[in-house]
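Any read-out appearing in this document is the output of simple, stated calculations on the displayed coordinates, not a laboratory observation. All values derive from a computational prediction rather than experimental measurement. Here the Cβ is made from the backbone with ideal geometry for all residues, glycine too, and neighbour counts use every protein chain on show.
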Protein chains: 2
Amino acid sequence: MSQTDVTGAPRRGKVLTLDTMNPNIKQVEYAVRGAIVQRAVKIEKELREGAKKPFTEVIKANIGDAHAMGQKPITFLRQVLAMCAYPELLKDDAFPKDAKQRAQRILEACGGHSIGAYSASQGIECIRQDVSRFIEKRDGGIPSNPDNIFLSTGASDAIVTLLKLMVSGEGRTRTGVMISIPQYPLYSAAIADLGAVQVSYYLDEDKCWSLDVAELRRALRAAREHCHPRVLCIINPGNPTGQVQSRQCIEDVIRFAKEEGLFLMADEVYQDNVYAEGCKFHSFKKVLFEMGPEYSSTVELASFHSTSKCYMGECGFRGGYMEIVNMDPAVKAQLVKLVSVRLCPPVPGQALLDLVVNPPQPDEPSYSSFMKERTAVLDALAKKARMTEQIFNKVPGITCNPVQGAMYTFPRITLPPKAIDKAKEEGQVPDMFYCMRLLEEEGICLVPGSGFGQREGTFHFRMTILPPAEKLEIVLHKISAFHQRFTKEFS
Amino acid sequence: MSQTDVTGAPRRGKVLTLDTMNPNIKQVEYAVRGAIVQRAVKIEKELREGAKKPFTEVIKANIGDAHAMGQKPITFLRQVLAMCAYPELLKDDAFPKDAKQRAQRILEACGGHSIGAYSASQGIECIRQDVSRFIEKRDGGIPSNPDNIFLSTGASDAIVTLLKLMVSGEGRTRTGVMISIPQYPLYSAAIADLGAVQVSYYLDEDKCWSLDVAELRRALRAAREHCHPRVLCIINPGNPTGQVQSRQCIEDVIRFAKEEGLFLMADEVYQDNVYAEGCKFHSFKKVLFEMGPEYSSTVELASFHSTSKCYMGECGFRGGYMEIVNMDPAVKAQLVKLVSVRLCPPVPGQALLDLVVNPPQPDEPSYSSFMKERTAVLDALAKKARMTEQIFNKVPGITCNPVQGAMYTFPRITLPPKAIDKAKEEGQVPDMFYCMRLLEEEGICLVPGSGFGQREGTFHFRMTILPPAEKLEIVLHKISAFHQRFTKEFS
């Protein structure tokens, strides 16, 4: 890399280049904020600068960002947070008593009674206690120990931390991490970053994206030829696929994990987002404990939750937690040490999480308005989930499973062979080509299915159901019309 | 690991054990929240439960956590944050106009006008612009490009991210990272976590912990035998050592980095914390640009700042930024991709950072009270810095460099040989033995020098100067008395 400059003196190139940088990072991909989103941001800028387009705004249906799509924050949560930030407001009569009590309790648990102090690295103790009580209540009384709760910077942080803890070995002994396809690309990105081995198991699109243990077994057997699979990741309700797992399926997965010696990671950040009739959220923890001591005392499990989804949609606060079950105490001590290096999760996010796990109770003044706001959000999402499925399934060439839960639809799109050829000609994967065309023509930003993984030869996109109902309806019809136009153009 | 249980059926051990976990994580150490702090937390619990001790409270002088030590948040910052959390307050006449304008501007830059929306992964654009303007003003007009600003979850996050980007190679080609000894243990922890090679250079205690290029050269030459040193980390003002680097020293370091092909990382989170007469903070960026285009267009630099230190002390919000200079654009694109996986830094922390880089101006209503609060904090710290040095230097067996800046003193302590033997007998490093005794006898929690690194055969501790002046004075006298008692006991 050394060269000489015009004076003949030796000249160095950059120290840090694509050739010298961490090679794992080059393998990282995160489609939810990838090329298409960068293009969307550019188009927005062009629009602001007066460019003429066939549309007046870009609708970013690429990411589960409820507030950005117009969902209003829940009043109670924000009142308490405002008082935590500026405790003078505790004297303000405009705030209800229960909100004040919550704020006071959080502040008393903070160093110097300020959310500007560091907290314990695992999170503020009384908030971890509240999380445990929340889990116990949710799971019908199955005990939860605050010592097993780790607050985090959103769920992503906890997921990456736990994966990091589990990566070891080289070559055929390297840790394999089983993830669903389609998956949420945080997983594939973290696996690449850590140099672990991705072990893909496919969800069954024909059976509403359900998970089949035979497929888990197939993937595991094949992986054992070249790595050491030690972790099984499940997202329930599913992202990007929106399925809600049956209790039976969860039991089967747990049995499989025990038989095969796998650490279970259950990503349950959409636990309140269940819409389809007959579907119900079952936590892995609850099912594990209901299977009896043979399971509940042996199977290692980490489950994850977040303040970013459900009815709150408070993504910006980066609040979350994980609960660990049956972790070797010596490893847990290492985990405690590891999280201490980053000092603590953001305290405003911890405070917010406390309100989520300890919301207003029926005898408290904020209860009725809190419940009204909460129900309105969840009811609207349920309606939009149905609307999405109905409109898409009317379009020839689009097939859409019911959005049983979470915040996304992941419809399958049939692309004409000529479109596939054209995409290849332009050096793009076909569904990226499709989504880019949609973005340029309609100003709608989706994420191509290839960003989440899909069976070879199939094509999808992920779209959030978060825009307001009237806008969502227009978006769905625009996509439908685009799809027909696109199909015609390349037929 | 397979065994059989009482029924004769095969029984598995844990999937995740000390033997199977990530071996790098086992090497991670972070003394600032290590064994001594865990013991301090236990003692606090014992006190709450009524245990009799020679003291009534534990004083945690182990960590730079200003609010926990009683420093009050700056009113202006918190007013704006409260309005950002609960925009209804924008209607409240109790808040000054400039605070309202700041809140409004931040909210307008947020998706859906809510700090609950995700921001761009690099941080909110208008805040990055404000950061650039702040840097330009600080550095006398040297240009700063908002595209080179990355907001972060505290400075730690950005430091770890950048180190991660730079780690590659195996064996003798593995990335070496030069860090000072003593150092802030985030660096050694991140290096262990990433499996990079720590290259230690020693600060000169006899010259007020100054940095000497000859020592850098010695360390570099030695390291080249077994790794590929590519990064040079500097903390200025110093943590834990409190020195403020001269302009000349910074110039020498930059010249050295250029000659030797090193990427510079300048940790400048204490940039407002300069107390000693004749000392001034010089940013690496400014010195680099003043050295002319030969340097300013070639030397790769990242500098870090945070909302946790200076006069704000807002650790809990986890706000921060880094500015990168001369980074290869292709690598920068990889960095943008990498940060996108974690979605975004906490938005309340971003908002707070915006206020730090864009504080009230002389013609604004909050200016005078803001300046009064700010000055009071910094003046008090300056007084405490002097008091600390004066009291410690009166004690035989304690030698203390002036606390020129930052928030810590790192005095050298002479330990009697019998104490060293006794520590070894108990399996402790001598300064840990000393600090543990101090904790048990006086309820004062310090961090042993061994947690930061020190020359073989020397012993130190790190103590923050953050307790209120009256309390700090008592603490200093208690430590002095303890030291004399301890010395006598083991003589």
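What to note about this one:
- Within straight-line cross-link reach of A:K97, aspartates and glutamates at Cα separation under 18 Å, skipping those fewer than 8 residues along the same chain: A:E88, A:E108, A:D354, A:D363, A:E364, B:E88
- Across the options A:N273, A:S114, B:Q38, the greatest Cα extent toward the positive end of the charge dipole of the protein assembly as shown (unit charges at beta carbon of Lys, Arg, Asp, Glu) belongs to B:Q38.
- Using the average count of surrounding beta-carbon atoms within 10 Å as a protection proxy, the listed peptides A:212-219, B:254-261, A:178-185, B:88-95 rank, highest first, as A:178-185, B:254-261, A:212-219, B:88-95.
- Close amide H pairs (under 5 Å, H built 1.01 Å from N) link B:V199 with B:V177, B:M178, B:I179, residues at least 5 positions away or on another chain.
- Whole-Å distance, taken between Cα centres, linking region B:249-268 and region B:205-229: 12 Å
- Least to most buried among B:R386, A:R412, A:R342, B:R247 (fewest other Cβ within 10 Å first): B:R247, B:R386, A:R412, A:R342
- Mean shadow area of region A:118-357 over all directions, Cα convex hull, nm²: 12.2 nm²
- Based on the Stokes-Einstein relation at 37 °C and a viscosity of 0.692 mPa s, and on the Kirkwood radius from alpha carbon pairs, region A:1-141 is assigned a translational diffusion coefficient of 153 µm²/s.
- Using equal-weight Cα scatterers in the Debye expression, the normalised intensity of the protein assembly as shown in log10 at q = 0.08, 0.09, 0.10 Å⁻¹ is -0.80, -1.02, -1.28.
- 25 °C / 0.890 mPa s Stokes-Einstein diffusion coefficient of region A:421-491, Kirkwood radius on C-alpha pairs, µm²/s: 190 µm²/s
- Applying the Karplus relation 6.51 cos²θ - 1.76 cosθ + 1.60 with θ = phi - 60° to region B:226-234 yields 3J(HN,Hα) values of 10, 7, 10, x, 10, 10, 10, 9, 10 Hz, where x marks Gly and Pro.
- Under 19 Å from B:K91, Cα to Cα: lysines that are on another chain or at least 8 residues apart: A:K72, A:K91, B:K100
- Under the Debye formula (equal points on every Cα, no solvent term), log10 I(q)/I(0) of region B:399-439 at q = 0.18 Å⁻¹: -0.59
- Pairs of lysine residues in region A:118-357 that meet both criteria, 8 or more places apart or on different chains and Cα atoms under 27 Å apart, total 27.
- Legend: mean number of C-beta atoms from other chains within 10 angstrom of residue C-beta atoms, peptide A:81-91, equals 6.
- Helices in chain B that qualify as membrane-span-like (whole DSSP H runs, Cα extent of at least 24 Å along the helix axis, mean Kyte-Doolittle hydropathy of -1.0 or higher) are B:367-393, B:469-489.
- Ranked by the mean number of other Cβ atoms within 10 Å per residue, highest first, peptides B:169-177, A:43-51 order as B:169-177, A:43-51.
- Separation of region B:47-109 and region A:299-314, taken as the distance between their Cα centroids, equals 27 angstrom.
- Straight-distance crosslink candidates among lysines, where the alpha carbon sits under 18 Å from A:K53 and sequence neighbours closer than 8 are dropped: A:K42, A:K45, A:K478
- Euclidean distance of C-alpha centroids, region B:368-421 and region B:337-364, integer Å: 31 Å
- The residue list B:H477, B:T414, B:V287 was ranked by how far each Cα lies along the charge dipole of the protein assembly as shown toward its positive end, using unit charges on Cβ atoms, and B:T414 comes out on top.
- Stokes-Einstein D for region A:57-107, Kirkwood Rh over Cα pairs, 20 °C, 1.002 mPa s (µm²/s): 170 µm²/s
- Beta bridges assigned by DSSP with both partners in region A:118-357 are antiparallel in approximately 40 percent of cases.
- Distance-filtered residues of region B:441-465 - backbone nitrogen under 12 Å, label point 7 angstrom along B:M387 Cα→Cβ: B:465
- Amide H contacts for A:I59 (H built 1.01 Å from N in the peptide plane; partners 5 or more residues away or on another chain; cut-off under 5 Å): A:I444, A:C445.
- Beta bridges per DSSP, both residues in the protein assembly as shown: antiparallel share near 50 percent.
- Partner chain coverage, peptide A:150-160 - average Cβ within 10 angstrom: 2
- In this structure, B:E294 and A:K45 have a Cβ-Cβ separation that, at R0 = 41 Å, corresponds to a calculated FRET efficiency of about 0.70.
- Volume per residue for chain A equals 207 cubic angstrom (convex hull of Cα atoms).
- Residue-averaged 222 nm ellipticity for chain B, from DSSP H runs of 4+ at -39500 (n - 2.57), nearest 500: -13000 deg cm²/dmol
- Here B:C126, B:C227, B:C110 are placed in order of increasing Cβ neighbour count within 10 Å, fewest first, which gives B:C126, B:C227, B:C110.
- Assigned charges on the beta-carbon of Lys, Arg, Asp, Glu; the protein assembly as shown dipole about Cα centre (debye): 420 debye
- Per-residue average of Cβ from other chains inside 10 Å of B:316-326: 4
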